[in-house]
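Here is the structure we will look at, set down as structure tokens.
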Amino acid sequence: MTGYIVRRTLWIIPVLWAIATLTFFLMHAVEGGPFASEKPVPPRIEEALNAKYNLDKSLGEQYVLYFWDLLHLDLGTSFNANQITVRELLAQGLPISIQLGVVAFIYAVVVGGALGVIAALNQNRAGDYLGVFFATIGTAMPNFIMASFLVIIFSVKLGWFAVLGWGGPEWALDDPTTWARNFNPFAWDYTRVVLPVVALGTLAASYIARITRASMLEVLQQDYVRTARAKGLQERHVIARHTLKNAMVPILTVLGPIFVALVTGSFIVERIFAIPGIGRHFVTAIFTRDYGVIMGVTLFYALLVAVANLLIDISYAVVDPRIRYH
Amino acid sequence: MRKTKWWMLFSILTVFALTFAVACGDDDDDDDTDGGNPTATSDDGDNGDNGDTQAGGEITVQITEPEGLDPHFSDFSVDITVIQMTNRGLYDLLPGGELRPAMADGMPEVSDDGLTYTVKIKEGLQWSDGETLDANDFVFGIQRTCDPTIAGHYQYILTNIAGCDDYYGGEGSVDDVGVAATDNNTFVITLHTAQATFPSLLALWPTYPAPDEGLASVDADWPAPPDSPCSGPFCPTEWVAGDHITLVKNENYSLGEAKLDKITLRIIDDLSVALNAYDAGELDMIRVSTTDLPQVRDRDDYQNIALPITIGLEPLMTDPLLKDLNVRLALSRATDRELLNEVVGEGANIPTTNWVPAEEPGANEAGAFDDVVGFDAEAAKKLLADAGYPNGEGFPGLTMLLTDSEGNRVLGEFLQEQWKQILGIELSIDFVDGQTRQARFNSSDFQLTTGGWGHDYPDAENWLVGLYETGASINKQKCSDPEIDAALAKAKVETDNEARWEELRKAERRIVETACGMMPLYHRGNHYLINEKLVGVTPTLEDHYLPQFPEDWALAAE
Amino acid sequence: MAEAIAANERVTIADMSPRRHRGLWSNAFRRLARNRLALISMGILLAMIVLAILGNYVDWVQRYEPSAQDYSVRRAGPSAEHWFGTDSLGRDNWSRVLQGTWISLRVGLGVQAVVVVIGVLIGGTAALGGRWLDNLMMRLTDLAYAFPDLLFIILLSATFQGRQGMPIIGDPLFQMILAISFVAWVTIARLVRGQMLALSEQDFVTAARATGLPEWRIVFQHMLPNALGPLIVAIVFGIPLAIFAEAVLGFIGIGMPPPTASLGVLVSNGYDEIRTNIWLIVFPAGTIAIMMLCFTFLGDGLRDALDPRARE
């Protein structure tokens, strides 16, 4: 087991390198450079600008230079936004994207799980239809459509929530003393939390609801549940003791990938709510050929995905015996 | 054992989530709902300090992300918008082209040969940090624009200053740039040739001051907020990328005091998002996209500020197909500009065939070229037949390069349909993002594209010189015509305005009537929603993202 | 989301044992036929496909040319003349939604076609090519799996843009399919590998080997048909994800070039006018919703039907 984990951890390095390499050449293959400008700039000046950012060198040299800087943990500068460093940009945007993703994940697990359980226990009754209805809406609506409708109904028409920005407390990844703020429920501005979270998390919630319902239904038909019921155990007891935890396995296996998808997939929600998260920076950077930002965000996301996948696979290895004997 | 662990994990998650849910239920949002109740606007408008406005106050305004705040580098209208809030120059350019002294003390003294300008600046000017702002700072500012390391994108506007081009081109030295302070409040600018429009340039950001003591050297980077040198009514204290820029009142502003305490520039790229936020009361001023116009144009808080910006079709003159004058004229005459304005522009622009807007000094009168290039389906068909493609038969493919935006998509589809109906030709569209479009345009790698111009200063010269001479640096459509060249060469050195404008009119007529790289379609309007509580916002004629002179903005008294 | 759902299919499908290869299909059909939701979904999907094809090639279904503009009926709501209303250029929304549906369906199916080819090749090679190849292929899969997928699709689409007219990759529809496929093949590859590894241990495969059949015939005659069930389920779940990805690309502005209207482009147009003319977003978004739902329900039904563990 330890050997497996060590090998897999070391493997992350070449994976990151390969992804960075591919991204590097792909983004340079996108037509047009960062300094295209409508006003006349003499060729000499354009050369000077390109030289300042090494863009005058051959792609191969730029590649080597980039990785050399990367080894020194230098991610370069953004061409936009007053040329702040990519590191600063990540430091500003990541805490927000992570908060958004984590809260949406919790929402998806709680709401999706609860609805799934309710639906399964009330099979073909009102509770079931409620769960199915929710799962249907969630599955069918791309999040940008849902987000727009949510904003128009709940912010513009009803005035319950704010339209702009994210209401999480400020914190910094590299400063553990700030982490605790996230757990202070009074530090959050919920008028700027609810809508983005619902928009981002509902597809995942509906998916979890479907899996939970199916899994619960299967377990409820198992012999040991029938036995427990036959023994005259209270229904509440049966469900809590015997059903829920056995139904949990298939649900747990999807939570990892859902977490990754929520944390990395927030760029549309970030755009519709004008949240300065990292996903929005990435999309903007592609359109403005902001090479440093594209690389920085890709690398960080790839690292996140790789670590998450590692944890998922380790957890599979842990859960594996149960799956087999199940 | 293991089962218990999973169970615990789930319980913890549930408890955590419940905490959230409960706290959420307790939360009352105390958002002030000021967006909903319209207050009467004071109609006396201007910046008089009457009892109608309250002292201080904060507003939030929508903007898109600037690239930087360096006045001597920027050419991007969003940058310039912010720069003009945080910095100020010698003169203010008022709508209509009048110059109002700002930091200058009166108008410049011009030598008889028109080559030497002596500018006096006001006494006691200060930077926001309390440092003295003197003539040396203005000299330093102009030197920065000419500096090759700064690589100012608007340097070309100072090309007439002696030595500026040489220094910028890496051949001269900063000491040869024709600008020098004679004492703390006076400096002298030397020109290559007399230029009647030169005073207007002293109102533009490339001539704004730079702190010669605050910056290490002439080619030092312009510091980012909160350290940005600030000489305007508001100073940038914070810039969070993708989120906002905070501007607070400059207590040391030398030319009076701003009425508002704080302006937050909220960075929102998507105008429909901005509209939602405005209607929810979170913003006080936004730009409105054309697609949102139908639903806002009847509202009292809607303002359309028509700008001297012309948008048109730009054919590449060296293209085998488009170098035929008949083909170009056929395309121009097959385009119904009234209909285009109604359908694509939601009626909010001004259809035109003029390149230089008629109200600019030295422009031709409105409609002067309608007979030659204006909409006429029959004439268009005949022109295309003359070119050898009757009813579009045998017409080779025509591709238009367009920047991807909702407005352009509709524009492109409109032209596709109209040219198909009238001329029987197929137009294909190459839809690319802004950077790709710019790169292709700059390397003249296109057949047909859309483009336009908004003036830097109000004079026909700014619309023609440097844009349409053979080999001019922005002349990517490769318009090359001896008549145009001759007229513009004369206009450049002529100091008598009437004679100069006559040449410019001649050049414009030739450009438009031969569709030499330009077929004008419309003058663009800028659409705003402005909270009716916010007064003192005057229209600006510049191509800026927001109206100018934020020091005059104020909140109406409750 | 794509990854989340895909990964789950990976787990649950990999659990399916391919033991009961005989009678599997007839049993499956029986089970599927009893699943009303899946059957209805399949019916709706077939109807949509037929309608979309007719709506692109038969005039009386299409009613209007999708790009024909009529400025006298701009931004109209649904009416007898224009069933789905019109857009800001007076184009008929019904014909445009039909056009978009057909494009989105082709994107969805095209992506799955590409993905299956790549996935089967890589997964099969990994399972049958020996230890070294297996390692290589699986590391490749890990790699593709670590891409933040939607972001990578965006980057790829940006790379493709403006390259119309170039051979092969010049076709916008193909570009779209390629960009989405690039991150979507991992699921299938992992699935195929798992299936193949399990199958190669099975008695009938060992028996076939003993008879001296060449390896490729064993793969095609004996193993692939038995791996088909889970593969079909994965494909059906993959289609709505591709349609969804296309809509996202349209929304951020790198969709199909005009005047072609994919559902993504239509939804994006509708989003811009959501407060002026709500019909413009309701119909294409509704179409996407119906397709996503039907494919999901059908996928659920197929999984239940093809899953031998499902007991009555």
- Query: Roughly how many percent of the accessible protein surface of region A:99-275 is carbon and sulfur, given a 1.4 Å probe and a whole-percent answer?
  - Reply: 64 percent
- Just read off the accessible area of residue B:110 with the full protein assembly in place, 1.4 Å probe, to the nearest 10 Å². 70 Å²
- Query: Among all the lysines, which ones have a C-alpha under 16 Å from residue B:533's C-alpha, if same-chain residues fewer than 8 places away are not counted?
  - Reply: B:259, B:262
- Can you put C:141, B:190 in order of accessible area, largest first, using a 1.4 Å probe? B:190, C:141
- Accessible area of region B:258-405 belonging to carbon and sulfur atoms, whole % at 1.4 Å probe: 45 percent
- Reduction of at least 50 Å² in accessible surface, 1.4 Å probe, comparing all protein chains with the chain by itself, residues of region A:179-225: A:190, A:203, A:207, A:210
- Query: Which distance in nm do the two modelled labels at residue C:63 and residue A:236 give, with both placed 7 Å along the Cα-to-Cβ direction?
  - Reply: 5.7 nm
- Interface burial for A against C (accessible surface, 1.4 Å probe, total of both chains, Å², rounded to 100): 4700 Å²
- Applying the Karplus parametrisation 6.51 cos²θ - 1.76 cosθ + 1.60 with θ = phi - 60° to the phi angles of region C:179-190, what ³J(HN,Hα) value in whole Hz is obtained for each residue in order, glycine and proline being reported as x? 4, 6, 4, 4, 9, 8, 6, 4, 3, 5, 4, 5
- Mean projected area (nm²) of the alpha-carbon convex hull when region C:122-214 is viewed from all directions: 7.9 nm²
- Item | Among C:268, C:197, C:235 the positive-end extreme of the charge dipole of region C:87-305 (Cβ point charges) | C:197
- Could you provide, to the nearest whole Å², the per residue accessible area of the protein assembly as shown with probe 1.4 Å? 39 Å²
- Largest first and to the nearest Å, give the Cα extent of the protein assembly as shown along each principal axis. 110, 73, 60
- Message: Counting only protein heavy atoms and a 1.4 Å probe, tell me what percentage of region C:87-305's accessible area is made up of carbon and sulfur.
- Response: 69 percent
- Note on the structure: The summed charge of the residue A:80 Cβ neighbourhood (under 9 Å; Lys/Arg +1, Asp/Glu -1) stands at -3
- Query: Heavy-atom accessible surface, probe 1.4 Å, ligands and DNA/RNA ignored: which residues of region C:216-263 lose at least 50 Å² versus the isolated chain?
  - Reply: C:244, C:251, C:252, C:258
- What average count of beta carbons from other chains do you get within 10 Å of the Cβ of residues in C:269-279? 6
- How many angstrom lie between the C-alpha centres of region B:319-376 and region C:187-218? 70 Å
- Note on the structure: If amide H atoms are modeled at 1.01 Å from N in the peptide plane, then the residues at a separation of 5 or more from residue B:545, or on another chain, having amide H under 5 Å from its own are B:81
- Rounded to the nearest 100 Å², the accessible area buried between B and A, both sides, probe 1.4 Å, is 5400 Å²
- Note on the structure: Out of B:273, B:341, B:164 - ranked by how far each Cα lies towards the positive end of the dipole of chain B, with unit charges on the beta-carbon of charged residues - the top one is B:341
- Whole-Hz Karplus ³J(HN,Hα) for region C:72-77, in order, using 6.51 cos²θ - 1.76 cosθ + 1.60 and θ = phi - 60°, x for Gly and Pro? 7, 10, 6, 6, 8, x
- Heavy-atom accessible area ranking, 1.4 Å probe, most first, across C:48, C:256: C:48, C:256
- Query: So how exposed is residue A:61, as accessible area in Å² (1.4 Å probe, rounded to 10)?
  - Reply: 100 Å²
- Go through region A:208-254 and name the trypsin sites (Lys or Arg not before Pro) that are in a DSSP coil and have 12 or fewer other Cβ atoms within 10 Å of their Cβ. A:231
- Query: Among the lysines, which have Cα under 27 Å from the Cα of residue B:490 when same-chain residues fewer than 8 positions away are ignored?
  - Reply: A:39, B:323, B:476, B:478, B:506
- Message: Using a 1.4 angstrom probe on the protein heavy atoms only, could you order C:132, A:17, A:171, B:419 from most to least accessible area?
- Response: C:132, A:17, A:171, B:419
- Can you figure out the FRET efficiency of residue A:124 with residue C:47, using R₀ = 35 Å and their beta-carbon distance, to the nearest 0.05? 0.85
- Item | Point-charge dipole on Cβ atoms (K/R +1, D/E -1) for region C:87-305, about Cα centre, debye to 20 | 300 debye
- Note on the structure: Excluding residues fewer than 8 positions from residue A:245 in its own chain, the lysines with Cα under 23 Å of it are A:231, B:3, B:5
- Message: Among A:244, A:198, A:102, whose Cα projects farthest towards the positive end of the dipole of region A:99-275, with charges put on the beta-carbon of Lys, Arg (+1) and Asp, Glu (-1)?
- Response: A:244
- Message: Helix-only mean residue ellipticity at 222 nm, chain B, DSSP H runs n ≥ 4 weighted -39,500 (n - 2.57), per residue, nearest 500. What is it?
- Response: -8500 deg cm²/dmol
- Message: Within 10 Å of each Cβ in A:264-275, how many Cβ atoms from other chains are there, averaged over the peptide?
- Response: 5
- What trypsin sites (Lys or Arg not before Pro) in region B:299-398 are in a loop by DSSP, with at most 14 other Cβ atoms within 10 Å of the Cβ? B:299, B:323
- Query: How large is the dipole of the protein assembly as shown about the Cα centre if only Lys and Arg carry +1 and Asp and Glu carry -1, each at its Cβ, rounded to the nearest 20 debye?
  - Reply: 10060 debye
- Percent RCO, i.e. relative contact order, over chain B, from Cα pairs under 8 Å lying at least 6 residues apart: 20 percent
- Item | Centre separation in Å (Cα based) which lies between region B:434-459 and region B:200-232 | 28 Å
- For region B:547-555, in order, what is each residue's ³J(HN,Hα) by Karplus, 6.51 cos²θ - 1.76 cosθ + 1.60 with θ = phi - 60°, in whole Hz (x at glycine and Pro)? x, 8, 6, x, 5, 8, 6, 8, 8
- Task: Using DSSP to define loop residues, name the GluC sites (Glu not before Pro) in region B:228-318 whose beta-carbon has at most 11 other beta-carbon atoms within 10 Å.
- Result: B:251
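The values are calculated or read from the model by the stated rules, or taken from the named source; none is laboratory data. Everything quoted here is computed from the prediction, not taken from an experiment. Virtual Cβ from ideal backbone geometry, glycine too; neighbours counted across all protein chains shown. In case anyone asks, the SASA skips ligands and DNA or RNA and just uses the protein heavy atoms, side chains included. Shrake-Rupley method; radii C 1.70, N 1.55, O 1.52, S 1.80 Å.
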